[in-house]
Amino acid sequence: MVFEDIYELYWQKIFRLCMGYVNNSDLAQDLAQETFIIVWRQLPKFRNESSIGTWIFRIASNNCLKQIEKEKRFTKAELPIHLEEKKQESMEPQIQLLYQFISELPETDRIIISLELEEVKQAEIAGIVGLSESNIRVRIHRIKEKLTKRFKENGY
């Protein structure tokens, strides 16, 4: 597969996966871009031991996890100037809320539900995360229950 085709096919999926991790559009875009830089560099070494999608999702997941670890190590300082926060206007409020709720989940649950939302097969999710398919099914069910409960708590 040619890199440009891979990029076109997976860009939105990887962006949404990153949004599930960080709940910040700019940071998610940066993480997705970094993911595709890695994909571009490593594509000649891809051995077809898994599907290309599974491989890319694993790279994106590892990239997001590294970012989360970096954020944990560095304390966040307030900006010296009071700036008004700008939100991406194109997202519906419910979708923004969904990303917020997903970002509050434990790391493994974030990747599982983000991949499920991207319609990745549960067998592939199991391979990406390193859990059994039956465990993935149970966790998806529980995550959906948690998210549904959060939406109800917020009046949806």
Enumeration of residues in the stretch 1-20 that are open to solvent by less than 10 Å² (accessible area, probe 1.4 Å) and over 13 Å from G53 (Cβ atoms): C18, M19, G20
State which residue pairs qualify: first residue over 14 Å from G20 (Cα atoms) and inside the stretch 59-74, second residue in a helix (DSSP H, G or I) and not hydrophobic (A, V, I, L, M, F, W, C) in any location, beta carbons under 9 Å apart, and separation of 6 or more residues or different chains. I59/T35; I59/Q42
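Working only within the stretch 33-53, note down all residues that are acidic (D, E) and surrounded by 15 or more Cβ atoms within 10 Å (Cβ to Cβ). Reasoning before the result, please.
Initial filter on the stretch 33-53 (acidic (D, E)): 34, 49.
Listed by number, the list holds a single entry, E34.
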Pairs needed: first member in the stretch 39-57, closer than 16 Å to G127 by Cα; second member anywhere, open to solvent by 50 Å² or more (accessible area, probe 1.4 Å) and not in a helix (DSSP H, G or I); C-beta distance under 7 Å; at least 6 residues apart or different chains. I52/M1
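When the residues of the stretch 69-117 are filtered to those that are of a type in the set (S, T, Y) and either surrounded by 10 or more Cβ atoms within 10 Å (Cβ to Cβ) or within 14 Å of N24 (Cα to Cα) (or both), which remaining residue is modelled with the lowest pLDDT? Break it down stepwise before answering.
Of the stretch 69-117, the ones of a type in the set (S, T, Y) are 75, 90, 99, 103, 108, 114.
Of the ones still in play, those that are also either surrounded by 10 or more Cβ atoms within 10 Å (Cβ to Cβ) or within 14 Å of N24 (Cα to Cα) (or both) are 90, 99, 103, 108, 114.
On the way: S90: 55, Y99: 88, S103: 90, T108: 89, S114: 92.
The residue in question is S90.
The values are calculated or read from the model by the stated rules, or taken from the named source; none is laboratory data. All values derive from a computational prediction rather than experimental measurement. All Cβ positions, glycine included, derive from the backbone under ideal geometry; neighbour counts span all protein chains shown. Ligands, DNA and RNA are stripped out before the accessible areas are found, and what is left, the full protein with its side chains, is counted by its heavy atoms. Shrake-Rupley method; radii C 1.70, N 1.55, O 1.52, S 1.80 Å.
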